[in-house]
Amino acid sequence: RVMKRQAPLLALLLLAGCGPAAPKVRYLPERIVSVAVPTFSNQTVVPGLEEKLTTRTIEEYLRDGRVRVVPENQADAVLRGVVTRYSLEPLSYHASGANAGAVSEYSLRIRVDLTLRERAGGQDLWTVRDLEEETRYGTESGFVSTEDQARARVREYLARAAVKQTVEGPYTRK
């Protein structure tokens, strides 16, 4: 009998949890609603890393939607990035067969420094040094088989990290 009276309340509580998801947390000061992302600098010998990482970062800001991406002269804040390291290292080799001795798996790492600076006052809102992502590729890795695919995967991680750092605060990889 008590259960019958509480059933509508229980149903209401269950339905309350079925609404839209809670809005994403906002870390930035309320006055920061737009960001510019000029082309990152590249201190490595690999050409084009900075352009593709910049493009991927802009795409990630647009996908996330919590801040607008605008030209630098209209932005509340400017994200500057420097690609500081590109590393490609062999991890394993084919032991036998026609490819004996040839590399079968590589480790690819890209490291960047990022700073988000408020345009009006010139104050750094955050800085992250040595943000690095690593992925493996090759015939043995199973997931990523080419250097271009590995670069794309690393760019995606670094772009997501930059956006999360901007809108959610200090980013740690999970």
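The values are calculated or read from the model by the stated rules, or taken from the named source; none is laboratory data. None of the values given here were measured: they were computed from a predicted structure. Cβ atoms come from the backbone with ideal geometry, glycine included; neighbour counts cover every protein chain shown. These area figures cover heavy atoms from the full protein model, side chains too; ligands, DNA and RNA do not enter into them. Shrake-Rupley method; radii C 1.70, N 1.55, O 1.52, S 1.80 Å.
Shape summary of the range 76-174, radius of gyration then Dmax from alpha carbon positions: 17.5, 63 Å.
Measuring with a 1.4 angstrom probe and ignoring ligands and nucleic acids, Ser87 comes out at about 10 Å² accessible. Round to the nearest 10 and report in Å² the accessible area of Asp113, as given by a 1.4 Å probe over the protein chains' heavy atoms. Asp113 has an accessible surface of roughly 30 Å² with all protein chains in place. Given R0 = 35 Å, the distance between the Cβ atoms of Ser87 and Val33 translates into a calculated FRET efficiency of 0.40. The solvent-accessible area of Glu118, taken with every protein chain present and a 1.4 Å probe, is close to 20 Å².
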